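Colleague: Dropping a structure here in structure tokens format, bear with me for questions.
Computed from the coordinates by the stated procedures, all read-outs in this text should not be read as laboratory data. Remember, it's a predicted structure, so these values are computed and weren't measured experimentally. Neighbour counts are summed over all protein chains in view; Cβ atoms, including those assigned to glycine, are modelled from backbone coordinates with ideal geometry.
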Amino acid sequence: MEIDWPEGPPTEVDLPAGTYVASYKGYAHRNMFRQSKIQLNFKIVAPSESAGIEVSLFATFPLQGKPPHRSKYFELWSKANGRPPIRGQRMSAGIFEGYWNVRIEWSKPRNGGPGMPIIVELISREAGGPRR
């Protein structure tokens, strides 16, 4: 009988800091560091030796109302949309669908624990996009 052991989290050897192609997989709202955050989830697709590793991008996101114009989420959403939202336009996370060139770095934990890979920049959309 073969045992299917769970995989451990990636290390900096598995996923060194750099540029990758990743596909958008969804989002989650989280309360982190006494703030409401949105976690945009991606999966690495290229290069092939890193394919399948999941990485996230975090941005502050208000519990109610729209993100302020100077927020990271507003900037990311505007880049994904190709322009800022027009009056009354919903800023759905679905705008991030598709494949992106992303820059990944490793977090530096304050408590001495292991770091994790995080997306620090959406460089450009490589393919796909939201259905309009």
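Colleague: Do we find that E126 is touching a residue at least 24 places away in the same chain (Cβ under 8 Å) and either within 19 Å of T19 (Cα to Cα) or of a type in the set (V, I, T) (or both) in this structure?
Modeller: So E126 fits the description; yes.
Colleague: What do you reckon, is G129 closer than 26 Å to E7 by Cβ, in a loop (DSSP other than H, G, I, E, B) and of a type outside the set (D, E)?
Modeller: In short, no.
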